[in-house]
Amino acid sequence: MTTNYPKIPNIINALRELKPGNQFTIYNDDYDLLEWDSDNPDSKPTKAEVETKINELKTAYDAVQYQRDRVNPRNADIYPELKEQLDMIYHDQVNGTTTFRDAIKAVKDKYPKPS
């Protein structure tokens, strides 16, 4: 299962968002070392525009931290694998139990969606 999280807030993703399809070279994630391709149809964005976009990306990225926490493979409290979830659902239907619901709720309770 692939989840589309917001882009990581860095200068490369900010440039790609601001000027899609334009070519550039950047060194050490430093705007002052940005080389804008002369064949680009768009002009090089200003440092302020890039910083504003990075802040927007950070806000969007931070807003879904709870989602990344719920599926982090290094985290012991992640959702069960899909095949395990399906098995839980089957056995819950056969046995009248709530194992699946309880497992999912435990993760959602530990990593709640911010209000």
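Derivation of every value follows stated rules applied to the coordinates shown; laboratory data play no part. Worth saying up front: this structure is predicted, and the values here are computed from it rather than measured. With ideal geometry, Cβ positions are generated from the backbone for all residues, glycine too; neighbour counts draw on all protein chains shown.
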Per DSSP, loop chymotrypsin sites (Phe, Trp or Tyr not before Pro) in the range 16-111 with at most 15 further Cβ within 10 Å: Tyr27
Which ³J(HN,Hα) values in Hz, rounded to whole numbers, follow from the phi angles of the range 18-33 under the Karplus curve 6.51 cos²θ - 1.76 cosθ + 1.60, where θ = phi - 60° and Gly and Pro get x? 6, 9, x, x, 7, 9, 7, 10, 9, 10, 6, 6, 10, 4, 5, 9
Measuring from the lowest to the highest alpha carbon on each principal axis, how far does the chain reach, largest first, in angstroms? 67, 26, 22
If you plug each phi of the range 36-45 into the Karplus form 6.51 cos²θ - 1.76 cosθ + 1.60 with θ = phi - 60°, what whole-Hz ³J(HN,Hα) values come out, in order, with x for Gly and Pro? 8, 4, 5, 8, 5, x, 9, 6, 5, x
Mind giving me the FRET efficiency for Leu86 and Lys110? R0 is 35 Å, r the Cβ-Cβ distance, nearest 0.05 is fine. 0.95
Taking a quarter of the surface of the convex hull around the Cα atoms of the range 1-63, what do you get in nm²? 5.0 nm²
Least to most buried among Arg70, Arg16, Arg101, by other C-beta atoms within 10 Å and fewest first, runs Arg101, Arg16, Arg70
For the chain, the longest principal axis of the Cα atoms and the Cα long axis of helix 47-63 enclose an angle in degrees, to the nearest 10, of 0 degrees
Relative to the longest principal Cα axis of the chain, at what angle does helix 99-110 sit, 0 to 90 degrees, rounded to 10? 40 degrees
Can you bin the range 42-109 into rounded, prolate or oblate? Criterion: square roots of the alpha carbon gyration tensor eigenvalues sorted a ≥ b ≥ c, rounded for a/c under 1.5, prolate for a/b above b/c, oblate for the rest. prolate
How big is the dipole moment of the chain about its Cα centre under a simple scheme where the beta carbon of each Lys and Arg is +1, that of each Asp and Glu is -1, and everything else is neutral? Debye, nearest 20, please. 460 debye
Along the charge dipole of the chain, which of Tyr111, Ile12, Tyr61 sits closest to the positive end, that is, farthest toward it, with unit charges on the beta carbon of Lys, Arg, Asp and Glu (+1, +1, -1, -1)? Tyr111
Per DSSP helix of 4 or more residues, -39500 (n - 2.57); summed, then divided by the residues of the chain. What does that give at 222 nm, rounded to the nearest 500? -15500 deg cm²/dmol
Cα-Cα longer than 31 Å, checked against Lys19/Lys105; Lys7/Lys44; Lys47/Lys113, kept in input order, equals Lys19/Lys105; Lys47/Lys113
Please report Glu81, Glu56 as a ranked list, fewest other C-beta atoms within 10 angstrom at the top and most at the bottom. Glu81, Glu56
Per the Kirkwood formula over distinct C-alpha pairs, the hydrodynamic radius of the range 75-115 in angstrom is 10.9 Å
